[in-house]
Structure formats: structure tokens, C-alpha cells
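First comes the structure, then the notes that go with it.
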Amino acid sequence: MNGTSKLSQMDLKGTKRLNAAWKSRVHIFMQSKKTNETNLLGKSLESLLSKKSGQKAFREFLKSEFCEENLDFLLACQNFQTLQRPEERKKKAAKIYEEFIRDDSPKQVNLDFHTTKVIFQSLQQPGPSCFVAAQKKIFTLMENDSFSRFLQSEHYKVLTGAASKPRGLRKHRTAMRIKSAGDELEVDRLQEGLLLWHED
């Protein structure tokens, strides 16, 4: 075996070590990513709703308990707070009241008489904080009731199982040229690359 062949074998061994080290780092990173995402989904109702996948799973759970109106109300109120023009706020406030607060409304949420009365009185000139008190009450109700049951449900198990699966990985081959003793050796190296992903 000549010197060139020995150097080539050494280069190949070095390449394999680099490839193994890279795969190990990718594996550690993805394990950390999976753990962090799963922890985030189960940390609090607020963190759950901050992710579209969490919001979707929680909505499906609420539908199974026939109380998805609470989540719809919270989201409608959040949208209301982003409105800048008074006429837009007045129109949206009236719609929220008719849909979620008025007696016998199609998606009536569980609010006390005093909170309902205050909202009704503010409908002519609703400010950005018109529904804040009601939001807090419904959020607390969901946090102490529905969310606790959700964490024990199959919906949550499916959600965290999906979060545990490695995503955003694909294998691709890259050509790496190694110069050895004047010769150029092309090594076909299998490399795992990280890709960005977005929640649904």
C-alpha cells in the first residue's frame, strides 16, 4: 500500500468521525427541541394557546365537552383589542355581546350579572378594555376547569406525541473533495441538515 492510499484511508476515517459527530449533535439538538416544545405545550393554558397546534388540540377537546364557546369568546375579545377605529370597536363589541353574552345567545358564556351589565352599558362607546374583566373570568374558568382535564385527555397525549416526533429533518448528500498528496478524492458524505419549520 503506497503513501497516497494510506493518506486517503486516513481522510476517509476522519470524514466518518466528523459525520458521526455531526449526527450526534443533530440528535442532541432535536432531543432538546422535542423536550422544550413538549414542556411548553403543557406548562400553562397561556403557553398552550400561544401555539397554533396547541390551540387546535384544545379546541377539539372543548368541542368534545361542548364548551368551545369559551375559547371562541377569548379569541374574539383578543381580536377586538387590536381594533383602532371607534366605529370598528362599536360594531365588533355589539357582535361579541350578541354572540356570547346576551341571554340565550347562541354561544353564551358563563358570566355573572354584574360583569354582563357593565359590558352592556359600555356598548355605545366601547373602549379597548371593554371585555377585559370578562376575559379574565372566562380564562380563569378554563384554566381551573377545562385545561386541567385537557392535560389528562387523549387530545393532549396526541398533541405531545406529535411534538415529540422529530420534524424538519431530511437527509441529503453533499460531495466533499479531499486533496491528498496531489490527488483529489471525492467523498460522498451523508449529512443530516436542519430545516426551518412553521406551526400549522
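The values are calculated or read from the model by the stated rules, or taken from the named source; none is laboratory data. Keep in mind that what you see is a predicted model, and the values were worked out from it rather than measured. Counting neighbours? That spans all protein chains shown, and the Cβs are built from the backbone with ideal geometry, glycine included. Please note that ligands, DNA and RNA were not included when accessible areas were found on the heavy atoms of the full protein model with its side chains. Shrake-Rupley method; radii C 1.70, N 1.55, O 1.52, S 1.80 Å.
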Does region 56-69 contain any residue that is over 13 Å from PHE150 (Cα atoms) and polar (S, T, N, Q)? no
Within region 117-155, the residues that are more than 22 Å from the chain's Cα centre (by Cα) and among the β-branched types (Val, Ile, Thr) are VAL118, ILE119, VAL132
For region 148-171, the count of residues that are of a type in the set (Gly, Ala, Ser), touching a helix residue (DSSP H, G or I) at 6+ places or on another chain (Cβ under 6 Å) and at pLDDT 90 or above equals 1
Of the residues that sit in region 25-59 and are under 18 Å from GLU143 (Cβ atoms) and of a type in the set (D, E, K, R), which one is modelled with the highest pLDDT? ARG59
Quick one: count up the residues across region 94-124 that are closer than 25 Å to LYS52 by Cα and open to solvent by less than 70 Å² (accessible area, probe 1.4 Å). 4
Restricting the first residue to region 42-65 and requiring it to be under 13 Å from SER153 (Cα atoms) and assigned to a helix (DSSP H, G or I), which pairs with a second residue that is open to solvent by 60 Å² or more (accessible area, probe 1.4 Å) and not β-branched (Val, Ile, Thr) meet a Cβ separation below 8 Å and a spacing of at least six or different chains? ALA57/HIS155; PHE58/HIS155; GLU60/HIS155; PHE61/ARG149; PHE61/HIS155; SER64/HIS155
